[in-house]
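Comments concern the structure below.
The values are calculated or read from the model by the stated rules, or taken from the named source; none is laboratory data. This one's a predicted model, so the numbers in the text were calculated from it and none came from an experiment. Here the Cβ positions follow ideal geometry from the backbone for every residue, glycine too, while neighbour counts run over all protein chains shown. Quick note on the areas: whole protein, heavy atoms, side chains included, nothing else; ligands and nucleic acids left out. Shrake-Rupley method; radii C 1.70, N 1.55, O 1.52, S 1.80 Å.
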Amino acid sequence: MPKKEKIEQMFNDIAPSYDRLNHLMSLGIDNIWRKKALKEIVDGTQQQILDVACGTGDSTIAIAKAMEPGGRVTGIDISAGMMEPLMRKAAHEGVHDRIKLLQADALRMPFEADSFHRVTCAFGIRNFEDRKKGLAEFLRVLKPGGRAVILELGIPDKPFIKTLYDIYFRHILPLIGGIISGNRAAYRYLPESVYAFPRPETFCAMMERAGFHNVRHRHFTFGLCRLFIGEK
């Protein structure tokens, strides 16, 4: 089975428990990281924003709450199961009218070129079957002057913290995640996908080769999270 179909099936399987387990993966501070990314996404104008690999919608909803009236955030994901609770959560927050959802592949997005002021992806690009193609699609659908804002989990820089992180991510998280979700394989895959993600300087170079300009990178919480920004 191709990687895309495997990822889709895996996320459909773990969707009911994903919100709880996502907080476990990030040690409960992913919302702080999302708020930092939000400052690079919402600019106070009536924006059209694309949230790629939107999942259960934590970032999508945060964007919708922060954006100006008249703006719209479009969320796409290959997993219909992951998106199922999103509009229910958005309605609870009073922003469902600012959100449009579509099941779609990030490598073949069904949008015209130059459609969005921002393209963002939070904790999803490491799962792409072809990151180079994904970045090319990000650039294609961005309007000139638009910005890609990518959050991704990372490996801590400091040796002592990295050792603790390794113990948690490689041993404790798969055990807890497997028990809660019933899918131990998924919570073995998810930590390994973080270790397999390129180093920050390598990923920045990938963005530049894809055609992005003014590419920069920031890290949060000792490198547990990385923020990548590039402009069209």
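In the condition set (1) surrounded by fewer than 18 Cβ atoms within 10 Å (Cβ to Cβ); (2) farther than 25 Å from Met10 by Cα; (3) in contact with a strand residue (DSSP E or B) (Cβ under 9 Å, 6 or more places away or on another chain), Pro110 is compliant with all but (2).
Let's see how each residue does on (1) assigned to a helix (DSSP H, G or I); (2) among the polar types (S, T, N, Q); (3) more than 25 Å from His219 (Cα to Cα); (4) under 15 Å from the mean Cα position of the chain (by Cα):
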{"position": "Thr56", "(1), (2), (3), (4)": "no, yes, no, yes"}
{"position": "Thr74", "(1), (2), (3), (4)": "no, yes, yes, yes"}
{"position": "Lys100", "(1), (2), (3), (4)": "no, no, yes, no"}
{"position": "Pro110", "(1), (2), (3), (4)": "no, no, yes, no"}
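Criterion applied to Ile49, Ile14 was being assigned to a helix (DSSP H, G or I), in contact with a Ser or Thr (Cβ under 8 Å, 6 or more places away or on another chain), open to solvent by less than 10 Å² (accessible area, probe 1.4 Å) and β-branched (Val, Ile, Thr), and the one residue passing it is Ile14. Within the stretch 65-82, if we keep just the residues that are at pLDDT below 95 and closer than 13 Å to His96 by Cα, the residue that is least open to solvent (accessible area, probe 1.4 Å) turns out to be Gly70. Of all residues in the stretch 1-14, exactly one satisfies the criterion of being hydrophobic (A, V, I, L, M, F, W, C) and modelled with pLDDT under 70, namely Met1. Across the stretch 188-195, not a single residue is classified as free of Cβ contacts under 8 Å to residues at least 40 places away in the same chain, hydroxyl-bearing (Ser, Thr, Tyr) and either under 14 Å from Leu224 (Cα atoms) or assigned to a loop (DSSP other than H, G, I, E, B) (or both).
Which ones in the stretch 123-157 are part of a loop (DSSP other than H, G, I, E, B) and surrounded by 17 or more Cβ atoms within 10 Å (Cβ to Cβ)? The answer is Phe123, Gly124, Phe128, Gly154, Ile155, Pro156. If only one of Thr163, Thr120 is among the hydroxyl-bearing types (Ser, Thr, Tyr) and in a helix (DSSP H, G or I), which one is it? Being among the hydroxyl-bearing types (Ser, Thr, Tyr) and in a helix (DSSP H, G or I) holds for just one of Thr163, Thr120, which is Thr163.
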